[in-house]
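*Asks:* Dropping the structure in here first, questions after.
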Amino acid sequence: MSTGKKAKPTYFNAILGVALVLFLLGVLGWLLINGRALSRAFREDLEISVDFHDNTSDANVKKMQAILDKQPFVRKTKIITKEEAVKMENQVEGTNVVDFLGYNPLFTSVALKMNEEYVNKDSLEKIKKFIMQSNVVRDVTWPNVVVEQMTSNFRKIGIILGSISVVLLIVVIFLIDNTVRLAMFSNRFLIKTMQMVGATRNFITRPFDIRAFLNGLISGLIAVVALWMVISFATKQLPVLNLLNDSVLLGSLMLGMVVLGILISLVSTHRSVVKYLKMHVDDLY
């Protein structure tokens with residue numbers, strides 16, 4: 001009875017300790033998911049302009065738009081007429097371009113929103129060659145500097161966050177393993193006593209493995225609830241985060257937290273029990 005009473009606080013502390021490190025890993029995972037979603041949002045918001053020659057008829061512009069709509073790299077298209085283009089330019093410049101030049105220097109165009117995997121320098125160059133095969137297309141343009149900086153910056157951010165994730169995962173595994181082994185330390189005499197009275201290894205390890213499974217499950221669920229509370233608070237403060245959240249990835253992250261908690265707790269507990277079974281009684285002191 002006394003052994004059980006002593007073990008309970010240790011188990012309680014172990015559960016909270018494991019939950020805390022899983023929570024920290026979950027927060028970083030959520031940041032990675034948001035970073036990925038933010039990268040996708042920026043890429044898909046980039047606009048590619050397909051400009052047409054001045055003598056291109058509206059019918060040919062619409063035909064070209066229909067062709068572009070069928071391409072795998074296109075997310076959506078929009079026709080911008082010369083008149084609409086000059087109005088947009090006037091708003092940006094704050095002056096009337098037509099009055100200043102005496103004519104409208106802009107062209108009818110189709111604005112393309114691309115699927116994110118195609119928003120990089122190499123893919124855009126290939127897409128430009130494909131579109132330029134049409135004799136009604138004058139040019140295909142996009143903000144080159146923005147694309148290059150976007151690709152470079154997101155790659156750097158991905159490498160940094162990925163490296164931090166790997167390091168934190170190793171730290172999490174190490175901390176959980178030590179926390180669980182520390183919890184098992186108080187049960188070393190009970191384990192050895194059961195062995196000395198003739199209990200088999202499976203009989204001894206089974207209840208500890210079951211307890212480890214439950215502890216890992218509880219820790220994972222506590223970490224998931226804590227992460228959910230943080231996410232809910234963050235999205236209330238910054239509603240724009242709702243647009244970035246990917247429910248599938250977020251669900252996978254939370255499931256992974258629970259599975260990781262169970263797996264590490266189970267493996268660490270089983271190793272600790274087997275270690276004490278192999279030790280001599282005098283070495284337990």
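*Asks:* Going through segment 67-87 one residue at a time, which ones are among the charged types (D, E, K, R) and touching a residue at least 40 places away in the same chain (Cβ under 8 Å)? Spell out how you get there, then give the answer.
*Replies:* So the first thing to find is which residues in segment 67-87 are among the charged types (D, E, K, R), and the list is 69-70, 75-76, 78, 82-84, 87.
Within segment 67-87, just Arg75 meets the criteria.
*Asks:* Also, quick follow-up: If I filter segment 104-153 down to residues being acidic (Asp, Glu) and at pLDDT 85 or above, which single residue comes out as farthest from the chain's Cα centre (by Cα)? Can you show your working first?
*Replies:* Looking only at segment 104-153, we keep the residues that are acidic (Asp, Glu), and these are 116-117, 122, 125, 139, 148.
Cutting the leftovers down to at pLDDT 85 or above gives us 116-117, 122, 125, 139.
Values: Glu116: 15, Glu117: 16, Asp122: 25, Glu125: 29, Asp139: 36 Å.
So the residue we want is Asp139.
*Asks:* Here's something else I'd like to know. Residues in segment 49-66 that are touching a residue at least 12 places away in the same chain (Cβ under 8 Å) and either surrounded by 13 or more Cβ atoms within 10 Å (Cβ to Cβ) or among the aromatic types (Phe, Trp, Tyr) (or both): how many?
*Replies:* So the answer is 10.
*Asks:* What about Ala37, is it part of a helix (DSSP H, G or I) and not assigned by TED's automatic domain parsing to the domain that holds Ser163?
*Replies:* Numbers: part of a helix (DSSP H, G or I): yes; not assigned by TED's automatic domain parsing to the domain that holds Ser163: no.
No; evaluated as a whole, the condition is false for this residue.
*Asks:* If you go through segment 116-136 one residue at a time, how many are surrounded by 15 or more Cβ atoms within 10 Å (Cβ to Cβ) and in contact with an Asp or Glu (Cβ under 7 Å, 6 or more places away or on another chain)?
*Replies:* 1
The values are calculated or read from the model by the stated rules, or taken from the named source; none is laboratory data. From a predicted model like this one, the values you see are computed outputs, not experimental measurements. For neighbour counting, all protein chains shown are included, and Cβ atoms are generated from backbone atoms with ideal geometry for every residue, glycine included.
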